[in-house]
Amino acid sequence: MTERKPPGVPFENWVDKQIRDAQGRGEFERLPGTGRPLPAEVDSTYDELWWIKRKMAREGLSVLPPALALRREAEDALAAAYAAPSERIVRKLIEDVNVKIKDMMFKPPPGPPLGRKPYDIEEVVREWRQRRAAAKGEAPRSDAAWGASEV
């Protein structure tokens, strides 16, 4: 809009004329986002860091302190271990996360305390066996009954 509102013309009439003229020139055709719903953030209150949050969500980044990120990773590893198809994979998942937990335990915490200790691998394997037997509808086998074929 380059021109000023002429004196004596009501503001609404002048704005409506500007919009009609722009529509006639096709300035509203093929605008980005045409036909798509407005983002959910439109209804929320103004946030000065909206663009940073949107960029981080788009890039899949997280701002969790390392201890909290490791806590989440440990919980995910335990859940993955319980769902694992073999005892070898259970042991590998738990050993990997235990190494990270031990590293975090002996470093000064960069954020809140971890609040986790390494998992007992044998206890996790025992729980995995019980859950696996329950899912199959079998009676739980003893540790000796699993044999070397499952390891």
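Each reported figure results from applying straightforward, stated rules to the coordinates on display, with no laboratory input. Note that the structure is predicted; figures quoted are calculated from it, not measured. Here the Cβ positions follow ideal geometry from the backbone for every residue, glycine too, while neighbour counts run over all protein chains shown.
Values for this structure:
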{"read-out": "Gaussian network model of the chain, springs between alpha carbon atoms under 10 Å - residue of Pro37, Pro113, Pro65 with greatest fluctuation", "value": "Pro37"}
{"read-out": "C-alpha long axis of helix 66-82 to longest principal axis of the chain, angle in °", "value": "60"}
{"read-out": "Per-peptide average of other Cβ atoms within 10 Å, ordering 89-97, 21-29, 115-123 highest first", "value": "89-97, 115-123, 21-29"}
{"read-out": "Among Ala77, Ala57, Ala69, residue whose mean-square fluctuation peaks in a GNM of the chain (springs only between Cα atoms under 10 Å)", "value": "Ala57"}
{"read-out": "Among Leu61, Leu70, Leu49, residue whose mean-square fluctuation peaks in a GNM of the chain (springs only between Cα atoms under 10 Å)", "value": "Leu49"}
{"read-out": "Cα→Cβ-extended label distance, 7 Å offset, between Glu127 and Met105, nm", "value": "1.6"}
{"read-out": "Estimated distance in nm for a label pair at Thr34 and Ala83, the labels positioned 7 Å out from Cα along Cα-to-Cβ", "value": "4.3"}
{"read-out": "Crossing angle, helix 121-136 versus the chain [Cα axis fit, 0-90 degrees, rounded to tens]", "value": "80"}
